[in-house]
1. Given the criterion over 21 Å from the mean Cα position of the chain (by Cα), modelled with pLDDT of 90 or more, outside any strand (DSSP E or B) and not assigned by the TED database to the domain that holds residue 577, identify the matching residue among 456, 461, 498.
2. Exactly one of these conditions fails for residue 633: (1) farther than 19 Å from residue 361 by Cα; (2) under 24 Å from the mean Cα position of the chain (by Cα); (3) at pLDDT below 95. Give me its number.
3. Of all residues in segment 432-452, how many are touching a helix residue (DSSP H, G or I) at 6+ places or on another chain (Cβ under 9 Å) and either open to solvent by 10 Å² or more (accessible area, probe 1.4 Å) or on the phi > 0 side of the Ramachandran plot (or both)?
4. Just to be sure before I move on: is residue 368 under 19 Å from residue 621 (Cα atoms) and not assigned by the TED database to the domain that holds residue 178 in the structure I sent?
5. Taking segment 565-594, which residues are in contact with a Ser or Thr (Cβ under 7 Å, 6 or more places away or on another chain), among the small types (Gly, Ala, Ser) and surrounded by 24 or more Cβ atoms within 10 Å (Cβ to Cβ)?
6. Identify the residue in segment 34-92 that is of a type in the set (Asp, Glu) and at negative phi and, among all such residues, is modelled with the lowest pLDDT.
7. If I ask for residues that are touching a strand residue (DSSP E or B) at 6+ places or on another chain (Cβ under 7 Å) and β-branched (Val, Ile, Thr), which ones from segment 449-470 would you list?
8. Counting just the residues of segment 468-497 that are crowded, with 20+ Cβ neighbours inside 10 Å and among the hydroxyl-bearing types (Ser, Thr, Tyr), which one comes out nearest to residue 236 (Cα to Cα)?
Amino acid sequence: MGLGSLASRAMRPTASRLLSSQNPRPFSFHRAVSTTPELQNADQSSAAAQPEPAADLPPRTPVGGARVHFPNPEDAIEVFVDGYPVKIPKGFTVLQACEVAGVDIPRFCYHSRLSIAGNCRMCLVEVEKSPKPVASCAMPAMPGMKIKTDTPIAKKAREGVMEFLLMNHPLDCPICDQGGECDLQDQSMAFGSDRGRFTEMKRSVVDKNLGPLVKTVMTRCIQCTRCVRFATEVAGVQDLGMLGRGSGEEIGTYVEKLMTSELSGNVIDICPVGALTSKPFAFKARNWELKGTETIDVTDAVGSNIRIDSRGPEVLRIVPRLNEDINEEWISDKTRFCYDGLKRQRLNDPMIRGADGRFQPVSWRDALAVVAEMAHQVKPEEITGIAGQLSDAESMMALKDFLNKMGSNNVWCEGNGSNRDADLRSGYIMNSSIAGLEKADAFLLVGTQPRVEAAIVNARIRKTVQATHAKVGYIGPAADFNYDHEHLGTGPQTLQEIAERRHPFSSVLSNAKNPAIIIGAGVFERKDKDAIFSAVETIAKYAEVVRPDWNGVNVLLLKAAQAAALDLGLVPESENSIESAKFVYLMGADDVNLEKVPSDAFVVYQGHHGDRGVYRANVILPAAAFSEKEGTYVNTEGCSQQTVPAVPTVGDARDDWKIIRALSEVAGVRLPYDTLGAIRSRIRTVAPNILQIDEREPATFSFSIKPESKQKLDSTPFGTAVENFYMTDSITRASKIMAQCSSVLLKK
């Protein structure tokens, strides 16, 4: 509920009225909850309150600028909201009809992505020929229905509901973290009375321990059950429920347990009051003190849309932004709570390792001079560059150009494997798109566990399974899923059986209308990856997974930089380039096996955190994190998005591409770009799809033009790509909150 629309309703002339009794006694009086004169005689004035509208009324704009989709135009019905005719699809509720008409109805329990509960009664409206006000969120709209949202009866009903909701609600707004962005505050201002009549003791509720992320003050709870429905329907965990009845009703966990979902932080956003708030953010700041910056998340390959709220140089919280095609309005706990890692273990100054093994801070000029000198002392084929999983497209383009000018082609991105080919884009992106997964009616998961690899994609799959009862088959190690699935096997042999139609699940894929196959990016690290993709292609041919109107062969990437790296052609020339390297340039790469690096190799680490790569480095060049720079990322479905700087850089750190540009000049191989616009012009010549921001560029060619692989399948079972969901990169490994989650929530 927007404060502006609510305030406009609240600013109406009011007059207090005391109703004295016939025989007044000392110190005795009665108070009326209503402060609006016409509400005293609501029944008589309701008919007069609705003037007949003019015949030619201008169309109203739906709430929030929403667009109405008519699946079948013939099923459209017409209703009248406050006299205005509105066309809506059949099956819309009265509340949705009001939103299409531009009328914002107050609500607490209703949420557009959850099932309808109808238990807060705040959305009461008057419907013609109905004896009493109806709950608009649960009432289906009928053809010709006349809905009145602003009558004295509706106002009085909402005022009464609000009085009951505030009856047991504590008056602790000054110490409540929801203050300033609280639905209860806004709606009590707009629709409530100026006083309450309840004089008894307010009931209180014991706070629950839901874990290290969600703080509970359950006395503030108004029993809207949004959190219960979210946990059950979206997160897929039966952790929360309603206990007791009457005034003893409360939300709890049945038995003493923590909320273990990877999406648990979203209950903070959907709670309309201060009952569920962020534990790490508690008492840190008020929302009006924060500067919001709309950007994207880089902790996984989904590219969830987020807003970074900061104050001064510090990131104080991360909340989701609406994007129907990618993350809807949810984000994972790792995305939401990793922000404290942005201020821990940061690299501030360029440093060189001395003869005693200790790092000494130096100037940028000295550090770049040492790196350039060492790069010229080795053969070009002994130079290797590895881009980290958080690298943006601009810096990877600069790294590739720099190493190419030095005479080396050995550059790749961690997670893509050292023998990956980037010839066909359809071989490394999610071709059906994330939102397109909702059209699938059968899933085959090959070596991937979406719940920990991409929690938002997993939520889409669960949503599809719940809505259409789609069948899910899984090949890989034993894993915890939050929807019905069939564990078909652990290794490639099962995949071979399905490809040869010897497995019962092959008939499920053949009979499906839109089958989807999702391959985990962990397969890239296997020696037999070509044989695995060949088996998947065989399944795709007989099950008609790829058609002109549907492409269900998907690769679920793990890291934010992978897709852009393959688009830009970061593919190494030699398979064992690390073992033979004498000069290794790590651009934020921490998950590379550094034991393979020869002991006499010179290692440069350019990054923003003192993580694993620093321990082997000879020179450290401090870089900016994703929250401090402008960069382009391509997510797992091939959609390009950009980060926006929210806070200033730390210490003497610089953007990644600027460091490489300066190094190229010192090394005598000057790169031909000085600005972000110039480097993007260079990217346009290599991969123009990367510059189509917020647009998904589908793959042009499918695997049908790919030559057949002669490789044999290995009998080794598929491994687990993500061991610890909460710690997957340098930012999350530096986060204290993620460390608490790892120790508390991952106990077996």
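The values are calculated or read from the model by the stated rules, or taken from the named source; none is laboratory data. Here the structure is a predicted model, which is why all the values come from computation and not from measurement. Glycine also receives a Cβ, built like all others from the backbone with ideal geometry; neighbour counts cover every protein chain displayed. When the accessible area is computed, the model is the full protein with side chains, heavy atoms only, and any ligands, DNA or RNA have been set aside. Shrake-Rupley method; radii C 1.70, N 1.55, O 1.52, S 1.80 Å.
1. Numbers: 456 fails: over 21 Å from the mean Cα position of the chain (by Cα); 461 fails: over 21 Å from the mean Cα position of the chain (by Cα).
Within the list 456, 461, 498, the selection yields 498.
2. Status for residue 633: all satisfied but (3).
3. Of the residues in segment 432-452, 9 are touching a helix residue (DSSP H, G or I) at 6+ places or on another chain (Cβ under 9 Å) and either open to solvent by 10 Å² or more (accessible area, probe 1.4 Å) or on the phi > 0 side of the Ramachandran plot (or both).
4. Numbers: under 19 Å from residue 621 (Cα atoms): yes; not assigned by the TED database to the domain that holds residue 178: yes.
Judged against the criteria, residue 368 is a match.
5. Residues satisfying the conditions are 581, 588.
6. The residue in question is 38.
7. Taking segment 449-470 as the starting set, the residues that turn out to be touching a strand residue (DSSP E or B) at 6+ places or on another chain (Cβ under 7 Å) are 450, 453-454, 457, 461, 465, 470.
Within segment 449-470, 457, 461, 465 qualify.
8. Filtering segment 468-497 for residues that are crowded, with 20+ Cβ neighbours inside 10 Å and among the hydroxyl-bearing types (Ser, Thr, Tyr), the one nearest to residue 236 (Cα to Cα) comes out as 474.
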